[in-house]
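Colleague: Pasting a structure here, questions to come.
The values are calculated or read from the model by the stated rules, or taken from the named source; none is laboratory data. Predicted, not measured: the structure shown is a model, and the values here were computed from it. Glycine also receives a Cβ, built like all others from the backbone with ideal geometry; neighbour counts cover every protein chain displayed.
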Amino acid sequence: MTSSVQRKRVRKSPDDRRAEIVGAAAEVALTEGLECITLRRIAEQLDVRPGLISHYFPAVEDLVAEAFGSAATAELETLLPADPQDGSPLRHLSRFFARTTGPAYDDMSRLWLNARHLSRYRPVLRDRVLEQEKDWRGRLSGVIASGVEQGEFRAEDPVLTAVRILVVIDGLAGHANTGLRNHPSGVTRLAAATAERELGLADGTLSPTDTPDPADTPDAAAPTPGPSPERP
């Protein structure tokens with residue numbers, strides 16, 4: 001006579017369960033694309049019944065938007081922390097460009113391309129993309145404004161300056177699907193060069209020349225999807 005041992009189910013709080021679902025969806029978004037997020041696919045990812053996913057997200061469009069928002073927010077918090085504990089605005093901006101010029105963020109660049117394309121047809125996702133873009137503008141312009149106050153930067157309009165920098169970053173990120181690694185350094189550091197010009201800095205100021213700290217390594221910089229909420 002054979003016997004089987006049933007797997008013990010762990011009851012999670014609604015908040016924990018929802019965060020788990022969003023985190024799993026964000027992982028699928030980063031590795032497979034937003035189109036691959038379905039209630040059944042996320043249920044398989046978590047080894048639960050699809051009904052559990054639909055209980056928290058009756059409309060899959062809401063889950064798609066949450067997944068993108070979770071991944072994009074994790075990226076923002078890694079690149080431009082809201083409350084950095086060390087360094088000046090110049091150091092924070094230099095670190096920012098060091099983290100956005102390597103291969104670690106190709107997946108995020110692809111996700112942004114994916115989200116912007118799909119947002120043309122999906123209003124809920126479009127609203128989330130606009131929200132994340134607003135967050136990015138606010139965070140970067142805040143660093144710039146702080147640098148102006150401390151005399152490190154020159155910028156009459158920090159928000160306009162931030163938008164110009166982010167437009168260049170997104171233009172470069174548009175090559176994520178085809179590769180930008182073989183372009184000349186003058187192209188790959190175009191965003192940093194734009195920032196230097198906009199902020200009245202000497203050429204090369206935002207190109208790190210010192211030994212990066214551990215947080216600047218690709219592994220540490222890679223975004224970890226989590227519960228929650230730009231980049232234009």
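Colleague: Take Arg128 and tell me if it is among the basic types (Lys, Arg), modelled with pLDDT of 85 or more, surrounded by 20 or more Cβ atoms within 10 Å (Cβ to Cβ) and in a helix (DSSP H, G or I).
Modeller: Yes: the conditions hold for Arg128.
Colleague: Among the residues of the range 156-184, which ones are crowded, with 18+ Cβ neighbours inside 10 Å, at pLDDT 90 or above and touching an Asp or Glu at 6+ places or on another chain (Cβ under 7 Å)?
Modeller: Those that are crowded, with 18+ Cβ neighbours inside 10 Å, at pLDDT 90 or above and touching an Asp or Glu at 6+ places or on another chain (Cβ under 7 Å): Thr161, Ile165.
Colleague: I've got another one for you. Across the range 82-94, which residue is nearest to the chain's Cα centre (by Cα) among those that are under 19 Å from Ala192 (Cβ atoms) and in a loop (DSSP other than H, G, I, E, B)?
Modeller: Only one residue fits best here, namely Pro84.
Colleague: Continuing with the same structure: Could you grab the pairs with beta carbons closer than 6 Å, sequence gap of 6+ or different chains, first residue in the range 110-121 and farther than 10 Å from Gly33 by Cβ and outside any helix (DSSP H, G or I), second one β-branched (Val, Ile, Thr) and modelled with pLDDT of 95 or more?
Modeller: Sorted first by the residue in the range 110-121, then by its partner, the pairs are Ser119/Val129.
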